[in-house]
Amino acid sequence: MNGYGGSILRVNLTTGKITKEPTPADVMRDYIGGRGFGAYFLYKEVPRHADPLGPENKIIISSGPLSGLMIPGAGKCDFTCKSPLTGGYASSSLGGLFTAELKYAGLDSIILEGASPKPVYLFIDDKKIELRDASALWGKGTITVEKELKEKFGEEFQVAVIGPGGENGVSFASINHDFGRQAGRGGVGTVMGSKKLKAIVVHGTQEIGVADLEGYRKAGMALFKACKEAAGLKDWQTYGTTIVTSWCDEVGALPTRNFSAGSFEGGKHIYGQTMREKIVITDKGCFGCPSPCGKYSRMSRYNTNVEGPEYETIGMLGSNVGVADIEDVAQANLLCDELGIDTISAGGVIGWAMECFEKGILTKEDTGGFELKFGNTQAVFTLIEKIARREGLGALLAQGVKKAAAKVGQGSEKFAIHVKGMEQSAYATHNATAMLLAYMTCDVGAHHNRSWAITYDLQVGRELVVPEKVARIIWLQNFRPMFDVLGACRLQWVELSIDRDLYVPALEAITGLHRTWEDLEKAGDRIWNLTRLFWIRENEGFGRDWDLPAPRFYEEPPTSGVTAGQITRFEDVQKLLDMYYGQRGWSPDGFPTPETLERLGLGSLAA
Ligand code: SF4
């Protein structure tokens, strides 16, 4: 099949058996690739109620039909598994150079199953595929290990690696690659650690078949030309995602002190402009990217370097924990990367613990003697280390904010900022109903990238609760994740306003199949509903309550900043859900109806 590697690699870590099978044609047709493959194989192969950290859970690593080809940003790789953080569906996207090598090795997906009795790494050099001993790498940081493996095998080998966080079972451990790119959310690194798989090393030299070479060349060139001529390119390249930090602060969307406010008095010290001026030393992009948003930074005070921080990290390890210094935020970013834990969840759990401390719910006895107040940078660094090693208070926080708050109680559940157990990413949503609904209904928990709607809220009226807003969220949820299905970056469409129709001839020339965006959105709808079925199947009592946001957003208006006194009323939260379920074709409890499943061709899979 043109555009595909052609094979699925199955690695059983219990037995050490490695097999290849052809990528099934019907799965390519209905689920296309990337996140679609992940959702399909997860639902079909992981047994009901599997322990996320047991050998029955699987990690499905997938490229898409655009991956590794000369299409802007065609370096996205999807990691899917049952989440140890939420107990539901986890899918995390990794940029960099990994997925291109996967395709050049002839692979569309790797399915990791079982669990090794001892630390190993997976070595792939074209057709030579082996599990090798990783005892000497176990316990080491991600950047350290990536450097070691690249020195051993050569620069052309790409490495995805976990750190102590994944080894020690931190529920939000990441998988790191290219010294600063992560599959960060949902604990994909935790599951890799539970399988005792330290790293995957991959290099390939095989060709990817293309149906119409001249058409592909023309369509690819048209996309690159559009990127190069985009009005927003210069600013995007200068600041990357940090471009939104000052805007979020101004409109009250910057998470501040555990989301108790949306504006930060120290904001200007962590703005993208400040970062560019003070610490950025160069730009860095993923495979085939004409608009590199990665920033490489130097922290002179600490004599260290890091790729980052990007906006989400600035929000969560800056304002959300009261830290008003970009160099400190960058250093916290580096610690999380090296230890292999997600910066967003880390900022979420630390922000919650700081609020507990300020309210007297946690004390110095719990922290081991230090003052866990907002703005205490050293406390942030210490807690990151303790979380990764699951020591002292870190052992509690390593379970994620939902479980930690359930253990601590005393009303702390009310300010545990998550949906379905995933810590909310860096948009304060006290009065931004579209973004609030986006978090409530996101397929992995409170993550922003499926339907980023905060600017839309501001455009149409942030407090409005109307069917048009709900329709917009559903459209975004069906459409945006399709980039993760195709294996390319969405940010050229989002940030440079590249006409999405330019991708259609490229996809057709590569695969030989004509697909419009309407066809792709229907596949997006199918995948969305399939992942909803996974949540329902895996969690007794799953239903409407699981889609509620943190009470802070409907009970407790901020007392400072531009959103002071503003809130979304609980009855409006419920109205949003009624409209959402109705428009999705789900029951009032949030279950896809038999008619919806039939329409999407999911009837037999769900039966
Ligand atoms: Fe990677 Fe950023 Fe380029 Fe997207 S825009 S491909 S995330 S560097």
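The values are calculated or read from the model by the stated rules, or taken from the named source; none is laboratory data. Every value quoted in this text rests on a predicted model; they were computed, and no experiment measured them. Note that each Cβ is placed from the backbone with ideal geometry, even for glycine, and that neighbours are counted across all protein chains shown.
Structural remarks
- Unique residue being touching a Ser or Thr at 6+ places or on another chain (Cβ under 6 Å) and among the acidic types (Asp, Glu) when the list is GLU312, GLU358, GLU307: GLU312
- Residues within segment 65-105 that are under 15 Å from ALA199 (Cα atoms) and touching a helix residue (DSSP H, G or I) at 6+ places or on another chain (Cβ under 8 Å), tallied: 1
- Any helices (runs of 4 or more DSSP H) falling wholly within segment 473-536 and containing at least 1 residues that are away from the ligand (no atom under 16 Å from the Cβ) and of a type in the set (Gly, Ala, Ser): 503-511
- When each of SER345, SER425 is tested for being surrounded by 22 or more Cβ atoms within 10 Å (Cβ to Cβ) and in a loop (DSSP other than H, G, I, E, B), the lone residue that passes is SER425.
- Residue satisfying condition, being in the same structural domain as PHE483 (by TED's automatic domain parsing) and among the aromatic types (Phe, Trp, Tyr), within set TYR456, TYR427: TYR456
- Those strands (runs of 3 or more DSSP E) of segment 1-105 in which at least 3 residues are surrounded by 24 or more Cβ atoms within 10 Å (Cβ to Cβ), considering only elements entirely within it, cover 59-62, 77-82, 89-94.
- Hits in segment 395-450 - residues which are of a type in the set (D, E, K, R) and in contact with a Ser or Thr (Cβ under 6 Å, 6 or more places away or on another chain): LYS420, GLU423, ASP443
- Among the residues of segment 106-118, the ones that are farther than 13 Å from LEU197 by Cα and in a loop (DSSP other than H, G, I, E, B) come to 1 in all.
- Scanning segment 221-280 for residues that are outside any helix (DSSP H, G or I), touching a strand residue (DSSP E or B) at 6+ places or on another chain (Cβ under 6 Å) and within 16 Å of the ligand (Cβ to nearest atom) turns up just one, VAL280.
- Tally, over segment 79-117, of residues that are closer than 19 Å to GLY3 by Cβ, of a type outside the set (A, V, I, L, M) and away from the ligand (no atom under 14 Å from the Cβ): 6
- Residue list for segment 413-426, restricted to those being over 15 Å from the mean Cα position of the chain (by Cα) and more than 21 Å from GLY543 (Cα to Cα): PHE415
- Restricting segment 518-527 to residues that are hydrophobic (A, V, I, L, M, F, W, C) and touching a helix residue (DSSP H, G or I) at 6+ places or on another chain (Cβ under 6 Å) leaves a set whose member that is surrounded by the most Cβ atoms within 10 Å (Cβ to Cβ) is ILE527.
- Of the candidates TYR121, TYR104, the single residue that is of a type in the set (Phe, Trp, Tyr) and within 24 Å of the chain's Cα centre (by Cα) is TYR121.
- Single unsatisfied condition, GLY169 versus (1) part of a helix (DSSP H, G or I); (2) under 21 Å from TYR89 (Cα atoms): (1)
- Checked against the criteria, ASP133 does not count as over 26 Å from LYS295 (Cα atoms) and in contact with a His (Cβ under 7 Å, 6 or more places away or on another chain).
- Count of residues meeting criterion [buried (at least 24 other Cβ atoms within 10 Å of the Cβ) and in contact with a Gly (Cβ under 8 Å, 6 or more places away or on another chain)] in segment 428-441: 2
- Positions within segment 283-308 being within 14 Å of the ligand (Cβ to nearest atom) and either among the small types (Gly, Ala, Ser) or assigned to a loop (DSSP other than H, G, I, E, B) (or both), in sequence order: GLY285, CYS286, PHE287, GLY288, CYS289, PRO290, SER291, PRO292, CYS293, GLY294, GLY308
- Failed item, numbered, when THR190 is tested on (1) under 13 Å from PHE79 (Cα atoms); (2) more than 16 Å from the ligand (Cβ to nearest atom); (3) not in a helix (DSSP H, G or I): (3)
- If only residues of segment 393-417 that are out of contact with any Leu (no Cβ under 9 Å at 6 or more places or on another chain) and outside any helix (DSSP H, G or I) are counted, the one that is farthest from ALA550 (Cα to Cα) is ALA398.
- Unmet requirement for LEU577, which otherwise passes all of (1) assigned to a helix (DSSP H, G or I); (2) touching an Asp or Glu at 6+ places or on another chain (Cβ under 8 Å); (3) loosely packed, with under 15 Cβ neighbours inside 10 Å: (3)
- Pick from segment 586-607, criterion part of a loop (DSSP other than H, G, I, E, B) and among the hydroxyl-bearing types (Ser, Thr, Tyr), ranking: surrounded by the fewest Cβ atoms within 10 Å (Cβ to Cβ): THR593
- Residue satisfying all of: in segment 197-219; under 14 Å from VAL145 (Cβ atoms) and not β-branched (Val, Ile, Thr); surrounded by the most Cβ atoms within 10 Å (Cβ to Cβ) among these: LYS198
- Selected residue (criterion: farthest from THR190 (Cα to Cα)) from residues of segment 39-64 that are in contact with a helix residue (DSSP H, G or I) (Cβ under 6 Å, 6 or more places away or on another chain) and of a type in the set (Phe, Trp, Tyr): TYR40
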